[in-house]
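Worksheet: one structure, shown below.
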Amino acid sequence: MEQARDFWAMADRSLLDRWPKGADGQPEKAEKLTWQPELGGMADILLSMLEGCGIPAFKVGTQGKVVLGFAGLGVEIYVPASRLEEATALLEAPEDTAN
């Protein structure tokens, strides 16, 4: 699959500043972390969680957005390749159910 194009950086100008750069100064390759339903704000919650842990992330996917107001087929969440393992571990961590 072709890497997501640079259009994602236009949605959040500061994302490009936070995104890791390679030795050549170019943004590091984005890797797909997961697919997430957009209904109920779950994709945005995941993005906020990742950003809160210092992992820049963005979502791609708009099918159905014009008709439904959200991406009816869900969105893909991308993170820097160097942070993919850490982001995956966060997703797989058990929920804290202590009250």
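Scanning region 54-69 for residues that are closer than 22 Å to L15 by Cα and surrounded by 13 or more Cβ atoms within 10 Å (Cβ to Cβ), we see that the one that is modelled with the lowest pLDDT is T62. Taking each residue of region 84-99 that is closer than 21 Å to W35 by Cβ and modelled with pLDDT of 95 or more and looking for partners that are charged (D, E, K, R) and surrounded by 10 or more Cβ atoms within 10 Å (Cβ to Cβ) with beta-carbon atoms closer than 7 Å, six or more apart or interchain, yields L84/E31.
For region 71-83, the set of residues classified as crowded, with 17+ Cβ neighbours inside 10 Å and modelled with pLDDT under 90 consists of A71, G74, V75, E76, listed by residue number. Restricting attention to region 27-53 and to residues that are at pLDDT 90 or above and among the polar types (S, T, N, Q), the residue that is surrounded by the most Cβ atoms within 10 Å (Cβ to Cβ) turns out to be T34.
The values are calculated or read from the model by the stated rules, or taken from the named source; none is laboratory data. No experiment lies behind these values; they were computed from the predicted model shown. Glycine gets a Cβ as well: all are built from the backbone with ideal geometry, and neighbour counts include every protein chain shown.
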